[in-house]
1. Mind listing whichever residues of the stretch 214-244 are more than 30 Å from Arg436 (Cα to Cα), surrounded by 13 or more Cβ atoms within 10 Å (Cβ to Cβ) and of a type in the set (A, V, I, L, M)?
2. Of the residues Asn338, Asn247, only one is outside the structural domain of Ser47 (by TED's automatic domain parsing), more than 24 Å from the chain's Cα centre (by Cα) and exposed (fewer than 14 other Cβ atoms within 10 Å of the Cβ); which?
3. Across the stretch 293-325, which residue is modelled with the lowest pLDDT among those that are among the small types (Gly, Ala, Ser) and under 15 Å from the mean Cα position of the chain (by Cα)?
4. Please report, ordered by residue number, the strands (runs of 3 or more DSSP E) entirely within the stretch 358-438 with at least 2 residues that are surrounded by 20 or more Cβ atoms within 10 Å (Cβ to Cβ) and among the small types (Gly, Ala, Ser).
5. Return the total of residues in the stretch 55-91 being modelled with pLDDT of 90 or more, outside any strand (DSSP E or B) and of a type in the set (D, E, K, R).
6. Somewhere in the stretch 159-171, is a residue at pLDDT below 65 and in a helix (DSSP H, G or I)?
7. Checking the condition over 30 Å from the mean Cα position of the chain (by Cα), in the same structural domain as Asn247 (by TED's automatic domain parsing) and not hydrophobic (A, V, I, L, M, F, W, C), which residue from Gly419, Gly393, Gly415, Gly379 passes?
8. Search the stretch 28-43 for residues being β-branched (Val, Ile, Thr) and modelled with pLDDT of 90 or more, and hand back the single one that is farthest from the chain's Cα centre (by Cα).
Amino acid sequence: MAKFELKLPKMGESVAEATITSWLKEVGDTIEADEAVLEIATDKVDSEVPSEVDGTLVEILFQQDDVVQVGETLAIIETDGDVSTASSEEVSEPKPAPEVVDAVAERVTEAKAQTTPQISNTEGRFYSPLVKNMAKEEGISQSELDTIPGTGKEGRVTKDDMRAYIDSRGSQSTAAPATVVEAKTPETKQAAKTAKAPVSVNGDDEIIEMTRMGKLIAHHMVESTQTSAHVQSFVECDVTNIWNWRNKVKNAYAKREGEKLTFTPIFMEAVAKALKDFPMMNISVDGDRIIKKKNINLGMAAALPDGNLIVPVIKKADQLNLVGMSKAVNDLASRARNNQLKPDEIQGGTYTVTNVGTFGSVMGTPIINQPQVGILALGAIRKVPAVIETPEGDFIGIRYKMFLSHSYDHRVVNGALGGQFVKAVADYLEGWDSNREI
């Protein structure tokens, strides 16, 4: 028998930790290679951690709601084969004398004890390392922490509970009568403006707790509106040629490729071309600096079964032909619906496209996905009467049209650039070659 350490895998350059949301296996359960053992959540995405070996789960080292660092051992799996638990041999390095280490450690411990409140688990309450660290950083005492209501399993206090409490704590301190006259900074003024008004609840009202992802989305949207100066430009686009062309080729495409050809990859191709024409839409803002992105990485807002949205990213979208774009769109959309996206697949976007027409909306004013500076909303395709210009004169005909709604950050994108970009997208769509082969 050998023991295998199941570790938290690396999930992208910017992801250093994850929260355990649930264990799918219990101690004593038999596990097959590639079978999911537990579910985790980062600030980017929820995902599963599979086993790398066949065996039996003999020890679980972390519990639900615990925060684990990348590379830490989550559980021990006992296998029949000879599996080494060490990933590599440790390189021998000179170590300081034990008495020196003990002396330094003792001084560090004393310093921490003098400057930070001591937080520990109390009877009936377990606190994860992250919650303890947040309490120490905010100066929350043990007695104060014990009064915070928890929404986790068995009433545990989660990271979101701590954030909500710290926010309300800040609001209360802002609203409290001042005993000392202090200068009002922009930060304190903003905090006073954003103090939450009380919400009345009666016996007939239903209280629904927001999901973890719902809280993250809410925070991200508010942060974006407070960061960027949102401005919108709208263009109506005639997509009759695209409508007719897709109807002509979709059956042959499905038979050849084994999947559907939707409108989304066509729109994404046009956006990628427009971004190459207007590279200053493919930027981010870092303080007083503008970061011009080399790659065009298109975010694609996708609806989840629970009503939330997630934005998987098509990397280097301008380098894909229409078939490649179609396969990327279908793959990411399918795995998004099945909660199978990897953290790397929702990071690194430089511009985002959202299809509000899926829900019947004619147009929308989407919120920018930070740290990007623009987002394009695709409205529903409608059959409408329109004026058609010909050499023989104008006449009324039936056309397929849609609205393109472009939200952009007016701090760095002026109206001319924002309008020219969305017009370029419309021009690419209207100029679609109805004889194009795929």
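The values are calculated or read from the model by the stated rules, or taken from the named source; none is laboratory data. These figures come from a predicted structure and were not determined experimentally. Because the Cβ atoms are built from the backbone with ideal geometry, glycine has one as well, and the counts that use them run over all protein chains shown.
1. Leu216, Ile217, Met221, Val231
2. Numbers: Asn338 fails: more than 24 Å from the chain's Cα centre (by Cα).
Of the residues listed, the single one that is outside the structural domain of Ser47 (by TED's automatic domain parsing), more than 24 Å from the chain's Cα centre (by Cα) and exposed (fewer than 14 other Cβ atoms within 10 Å of the Cβ) is Asn247.
3. Initial filter on the stretch 293-325 (among the small types (Gly, Ala, Ser)): 299, 301-303, 307, 317, 324.
Subset that is under 15 Å from the mean Cα position of the chain (by Cα): 299, 301-303, 307.
On the way: Gly299: 96, Ala301: 92, Ala302: 88, Ala303: 81, Gly307: 75.
Among them, the one singled out is Gly307.
4. Numbers: elements: 374-378, 382-390, 393-409.
Filter on the stretch 358-438 gives 374-378, 393-409.
5. 1
6. First, pick out the residues of the stretch 159-171 that are at pLDDT below 65: 170-171.
Retained after the next criterion (residues that are in a helix (DSSP H, G or I)): 170-171.
Yes, some residue in the stretch 159-171 is at pLDDT below 65 and in a helix (DSSP H, G or I).
7. Values: Gly419 fails: over 30 Å from the mean Cα position of the chain (by Cα); Gly415 fails: over 30 Å from the mean Cα position of the chain (by Cα); Gly379 fails: over 30 Å from the mean Cα position of the chain (by Cα).
Going through Gly419, Gly393, Gly415, Gly379 in turn, the sole match is Gly393.
8. Going residue by residue through the stretch 28-43, those that are β-branched (Val, Ile, Thr) are 30-31, 37, 40, 42.
After this cut, where a residue has to be modelled with pLDDT of 90 or more as well, the list is 30-31, 37.
Values: Thr30: 33, Ile31: 30, Val37: 23 Å.
If we take residues in the stretch 28-43 being β-branched (Val, Ile, Thr) and modelled with pLDDT of 90 or more, then Thr30 is farthest from the chain's Cα centre (by Cα).
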